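*Asks:* Here it is: the structure, laid out below.
The values are calculated or read from the model by the stated rules, or taken from the named source; none is laboratory data. Computed from a predicted model, the values in this text were never measured in an experiment. All Cβ positions, glycine included, derive from the backbone under ideal geometry; neighbour counts span all protein chains shown. Calculation scope for accessible area: heavy atoms of the full protein, side chains included, ligands and nucleic acids excluded. Shrake-Rupley method; radii C 1.70, N 1.55, O 1.52, S 1.80 Å.
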Amino acid sequence: MTENIDHRYMEIALEEAKEAEKRDEVPIGAVLVCNETNEILAQNGNRTIEKFDPTAHAEILCIRESCKKIEKQRVPGTTLYVTLEPCTMCAAAIAFARIDRLVIGAIDPKGGGVLHGVKFFEQETCHHKINIDHGVMADECSLILKEFFQAKRKKG
């Protein structure tokens with residue numbers, strides 16, 4: 001059952017990644033869902049160029065929107081779906097937001113901060129433990145990024 005739900009929300013995150021790509025942003029999408037009601041609290045794609053903001057990653061935007069929506073600084077009882085393994089900055093925001101579960105599409109050995117790099121949630125200084133699943137629609141999530149960067153390299 002969880003597999004079908006995870007797939008459904010990752011598809012929405014992938015649609016957000018495609019929308020980000022149309023804006024010439026790195027195509028990463030995220031969806032934040034309430035675990036109790038399965039309601040989507042927020043969904044977004046990267047907007048760092050559009051907003052002139054290096055912190056406007058899909059994950060951060062979803063956290064900001066959800067916190068504003070519920071008028072609280074944290075969003076416990078939620079699951080974040082993201083098409084690419086979050087960077088360290090986003091991992092820290094996920095921890096500070098007290099998100100319960102993280103579902104990752106493609107892994108990111110170069111820039112990821114959850115399963116790779118600093119492995120944020122494994123650090124003693126991280127006071128929030130989270131359930132992490134990865135590999136949901138990994139091929140699709142990886143392909144959009146590969147094609148985006150191939151096209152960028154061709155343009156020069």
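*Asks:* Enter the accessible area of E3 (Å², nearest 10), with the probe set to 1.4 Å and all protein chains included.
*Replies:* 150 Å²
*Asks:* Right, next: How big is segment 39-87 by the Kirkwood estimate over distinct Cα pairs, in Å?
*Replies:* Details: mean 1/r = 0.0877 Å⁻¹.
It works out to 11.4 Å.
*Asks:* Quick one: check the C-alpha center-to-center distance for segment 62-119 versus segment 41-59, whole angstrom.
*Replies:* 13 Å
*Asks:* Accessible area per residue of the chain at 1.4 Å probe, in Å²? Could you put the intermediate results ahead of the total?
*Replies:* Numbers: 8550 Å² over 156 residues.
I get 55 Å² per residue for the chain.
*Asks:* Rounded to the nearest 10 Å², what accessible area does V82 have for a 1.4 Å probe in the complete protein model?
*Replies:* Answer for V82: close to 0 Å² accessible.
*Asks:* If contacts are Cα pairs under 8 angstrom and at least 6 residues apart, what is the relative contact order of segment 27-156 in percent?
*Replies:* Numbers: 254 pairs, mean separation 26.9, N = 130.
Averaging sequence separation for qualifying contacts and normalising by length gives 21 percent for segment 27-156.
*Asks:* Report the Cα-based extents of segment 66-156 along its three principal axes, largest first, to the nearest Å.
*Replies:* That works out to 44, 31, 24 Å along the principal axes.
*Asks:* Name the long-range amide H neighbours of T78: under 5 Å, sequence gap of 5 or more, or other chain; modelled H, no Pro or chain starts.
*Replies:* N35, D100, R101
*Asks:* May I ask you to list the chymotrypsin sites (Phe, Trp or Tyr not before Pro) in segment 40-115 that are in a DSSP loop and have at most 11 other Cβ atoms within 10 Å of their Cβ? Write down the numbers at each step before the final one.
*Replies:* On the way: sites: F52, Y81, F96; in loops: F52.
Here the chymotrypsin sites (Phe, Trp or Tyr not before Pro) that fit, given the DSSP loop and packing criteria, are F52.
*Asks:* Starting from the coordinates of the alpha-carbon atoms of segment 1-76, obtain the Kirkwood hydrodynamic radius over all distinct pairs and give the value in Å to one decimal. Kindly include the intermediate steps, with their values, before the conclusion.
*Replies:* Numbers: mean 1/r = 0.0788 Å⁻¹.
Kirkwood hydrodynamic radius for segment 1-76: 12.7 Å.
*Asks:* Still on this model: Pull up all non-local amide H partners of V136: gap of 5 or more, or a different chain, and H-to-H distance under 5 Å with H placed in the peptide plane.
*Replies:* I104
*Asks:* Continuing with the same structure: Would you list R153, R98, R8 from the most to the least accessible area, probe 1.4 Å?
*Replies:* Numbers: R153 165, R98 70, R8 115 Å².
Largest accessible area first, the list is R153, R8, R98.
*Asks:* For M137, M10, M89, give the ranking by accessible area with the largest first, probe 1.4 Å. Don't skip to the end; give the middle numbers.
*Replies:* Details: M137 25, M10 0, M89 70 Å².
Largest accessible area first, the residues go M89, M137, M10.
*Asks:* With the full set of protein chains in place, find how many percent of the accessible area of the chain is carbon and sulfur; take the probe as 1.4 Å.
*Replies:* Of the solvent-accessible surface of the chain, carbon and sulfur hold 52 percent.
*Asks:* Can you tell me what percent of all Cα-Cα pairs in the chain are more than 26 Å apart? Before the final figure, lay out each step's value.
*Replies:* Working: 2269 of 12090 pairs.
In whole percent, the long-distance tail amounts to 19.
*Asks:* How much mean residue ellipticity at 222 nm does the chain get from its helices, if each DSSP H run of length 4 or more adds -39500 (n - 2.57) and you divide by all residues, to the nearest 500 deg cm²/dmol?
*Replies:* -13000 deg cm²/dmol
*Asks:* Probe radius 1.4 Å, ligands and nucleic acids left out: which of T48, T2 has the largest accessible area, and how do the rest follow?
*Replies:* Numbers: T48 40, T2 80 Å².
Most to least solvent-accessible, the answer reads T2, T48.
*Asks:* Only Lys, Arg, Asp and Glu count, each charged at its Cβ (+1, +1, -1, -1), so figure out the dipole size of the chain about its Cα centre, rounded to 20 debye. Before the final figure, lay out the partial values.
*Replies:* Working: 21 positive and 25 negative charges, 111 e Å.
Magnitude of the dipole: close to 540 debye.
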